[in-house]
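Note sheet for the following structure.
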Amino acid sequence: MSLLSAKYSVHVEICLKPNENRLEVLEKLLDVPVRDYITLVKVPLGQSVKLDENILESNSALGDLKLVESLLVECEVKHIGEFLNEADLKHLILHFYSPQRRIMELETFDMESGDGGDGDTVPASSHWLLPSSNFLQLWENLIYEDGLKEKLLKFALSALIFSQHSVNPHIISCNRLLLLHGPPGTGKTSLCKALAQKLAIRARRTFRHTHLIEINSHSLFSKWFSESGKLVMRLFAKIREIVIDPHNLVCVLIDEVESLAYARNCMSGQEPKDAMRVVNALLTQLDAIKEHPNVLILATSNLADTIDLAFLDRADIKQYIGMPSVAAIKRIYETMLTEMMRIGIIKRQSLNEIDQHEGLLSALAERSIGLSGRNLRKLPFLAHAVHTASSDFDVDGKIDLCDFLDAMLEAIEQHHCDQKLMKS
Ligand SMILES: Nc1ncnc2c1ncn2[C@@H]1O[C@H](COP(=O)(O)OP(=O)(O)O)[C@@H](O)[C@H]1O
Ligand SMILES: [Mg+2]
């Protein structure tokens, strides 16, 4: 065997339009046409693309591809925007999916109030069936240094393979707990949701259904201490009902898990025993649910140094997610400007070809170092609202790319000024 094994995969994710047919039927029907289409048309890697209608019209063998909403081709050994070559076509793995149109379900519990009043409704968790139309293109639009997302996906898939093979936990430890930590606004919560969506698409042959259950840590650990222990039990009893079916994959998201540590810190306050009880209840329940091979726990934290050590210890991987690099910022800008062109607010111009704009885009990216992904994504709107000239409601008027880039630069300067004022 060659030490430099050439084995790699090209994953093709095929999102289908709403349709009456069963997925298994469509999978058989579309397998060959999808492969033919990818051989015929150069599809850029790492971007969801619509199929070329003209090609489908002119080629009767591809007619059934009208059922396809979009395609995403990814290859671990190639960069975003590159194309496949002939050798790569031998490594295609197709993943068909029909996104769930159902909206998220909020699980609430009614709590009695201590004073004999009406009581309160506490949001305990949010529940999505995946792949969900809510999270389409979320993965592609989260931009990090090369390989970070792929590393997390590989981790999650390996963890599931180990659990599916019932690895002896006394010999090899794998808790299936992944923690993303770092400053606010860097995409941690989004990345967990996107990862769960990705697993739903990639692991469909093993798991018929994937559920994402987001535990609402804030409401569990804030004002309901005296009842929170019970609430945690009720919540996990619900989760267990889903986990019990081995065809379900259950991703449990504990967002901002530091609120757990916060709960313990409050133990010197009024209700120390209750606070202790709820944190213990959560940890015990997490340990118990992990016994099932079809559970993956995803946690995020903005303040990793305050996380409860008992929780931190259980994480197999603790991934720091920092502010975007200049290269990532530039790519985020490209995605936003492309979207502004697609929707017709700015005039269509090539971002790469016009060198003058390239320079401006790089300057823009340099000046944006230190801004989080969340702040960056707000800039086009601020630039348009505050720094473009016309105050008329002219829906058809398109802005020149160069003018818009100037407006973006002004919006960044404004952001820096506002930040300074807030600190002083
Ligand atoms: N690296 C990034 N690339 C693209 N978008 C990002 C990035 N980081 C953050 N965002 C955007 O910022 C928004 C907030 O992200 P969120 O997941 O709530 O961050 P966090 O949980 O770290 O506070 C999301 O809409 C996301 O699209
Ligand atoms: Mg978050």
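The values are calculated or read from the model by the stated rules, or taken from the named source; none is laboratory data. Everything numeric here is computed off the predicted structure, so don't read it as measured data. Here the Cβ positions follow ideal geometry from the backbone for every residue, glycine too, while neighbour counts run over all protein chains shown.
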Looking at (1) assigned to a helix (DSSP H, G or I); (2) of a type outside the set (D, E, K, R); (3) within 16 Å of ligand 2 (Cβ to nearest atom), which is the one condition that is false for residue 138? (1)
Just checking, which of 401, 364, 360, 351 is at pLDDT 90 or above and among the aliphatic types (A, V, I, L, M)? 364
When region 255-297 is checked residue by residue, the ones that are at pLDDT below 80 and assigned to a loop (DSSP other than H, G, I, E, B) are 269, 270, 271
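Pick out the one residue from 173, 133, 125, 166 that is touching a strand residue (DSSP E or B) at 6+ places or on another chain (Cβ under 6 Å) and more than 16 Å from ligand 1 (Cβ to nearest atom).
On the way: 173 fails: touching a strand residue (DSSP E or B) at 6+ places or on another chain (Cβ under 6 Å); 133 fails: touching a strand residue (DSSP E or B) at 6+ places or on another chain (Cβ under 6 Å); 166 fails: touching a strand residue (DSSP E or B) at 6+ places or on another chain (Cβ under 6 Å).
Answer to the check: 125.
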From the list 196, 203, exactly one residue is out of contact with any Asp or Glu (no Cβ under 7 Å at 6 or more places or on another chain), over 24 Å from residue 306 (Cβ atoms), in the same structural domain as residue 279 (by TED's automatic domain parsing) and crowded, with 22+ Cβ neighbours inside 10 Å. Which is it? 196
Any idea which residue in region 240-254 is surrounded by the fewest Cβ atoms within 10 Å (Cβ to Cβ), counting only those that are over 17 Å from the mean Cα position of the chain (by Cα) and within 13 Å of residue 163 (Cβ to Cβ)? 246
Going through region 194-226 in order, the residues found to be more than 16 Å from ligand 2 (Cβ to nearest atom), part of a loop (DSSP other than H, G, I, E, B) and either in contact (Cβ under 8 Å) with a residue 40 or more places away in the chain or not polar (S, T, N, Q) (or both) are 203, 204, 205, 206, 207, 208, 223, 224
For residue 189, only one of the following conditions fails: (1) more than 23 Å from residue 339 (Cβ to Cβ); (2) outside any loop (DSSP other than H, G, I, E, B). What is its number? (1)
Checklist (1) over 30 Å from residue 376 (Cβ atoms); (2) modelled with pLDDT of 95 or more applied to residue 167, failing item: (2)
For region 175-193, pairs from a residue that is closer than 13 Å to residue 255 by Cβ and among the β-branched types (Val, Ile, Thr) to a residue that is more than 6 Å from ligand 1 (Cβ to nearest atom) and not in a helix (DSSP H, G or I), with Cβ under 6 Å and 6 or more apart or across chains, are 189/255
I'd like to know if region 369-385 contains one or more residues that are part of a helix (DSSP H, G or I), away from ligand 1 (no atom under 16 Å from the Cβ), in contact (Cβ under 8 Å) with a residue 40 or more places away in the chain and not hydroxyl-bearing (Ser, Thr, Tyr). no
In region 83-109, how many residues are touching a residue at least 12 places away in the same chain (Cβ under 8 Å) and exposed (fewer than 15 other Cβ atoms within 10 Å of the Cβ)? 10
What is the number of the single condition among (1) of a type outside the set (S, T, N, Q); (2) within 26 Å of residue 145 (Cβ to Cβ); (3) touching a residue at least 12 places away in the same chain (Cβ under 8 Å) that residue 359 does not meet? (3)
Yes or no: region 179-189 includes at least one residue that is among the polar types (S, T, N, Q) and within 16 Å of ligand 1 (Cβ to nearest atom). yes
Looking at region 305-318, which of the residues that are touching a residue at least 40 places away in the same chain (Cβ under 8 Å) and out of contact with any Lys or Arg (no Cβ under 8 Å at 6 or more places or on another chain) is farthest from residue 150 (Cα to Cα)? 306
Is region 233-244 home to any residue that is more than 16 Å from residue 292 (Cβ to Cβ) and not charged (D, E, K, R)? yes
Please determine whether any residue of region 233-254 is within 21 Å of residue 106 (Cβ to Cβ), part of a loop (DSSP other than H, G, I, E, B) and either modelled with pLDDT under 80 or away from ligand 2 (no atom under 13 Å from the Cβ) (or both). no
If we ask which residues in region 141-174 are within 15 Å of residue 250 (Cα to Cα) and in a loop (DSSP other than H, G, I, E, B), their number turns out to be 0
For region 1-37, give me each residue that is acidic (Asp, Glu), more than 24 Å from residue 198 (Cβ to Cβ) and at pLDDT 95 or above. 36
For residue 34, all conditions in the list (1) surrounded by 18 or more Cβ atoms within 10 Å (Cβ to Cβ); (2) over 17 Å from residue 84 (Cα atoms) hold save one; what is the number of the exception? (2)
Of the candidates 230, 151, the one satisfying the condition of being charged (D, E, K, R) and farther than 30 Å from residue 14 by Cα is 230
Do we have any residue at all in region 79-90 that's in a helix (DSSP H, G or I) and not aliphatic (A, V, I, L, M)? yes
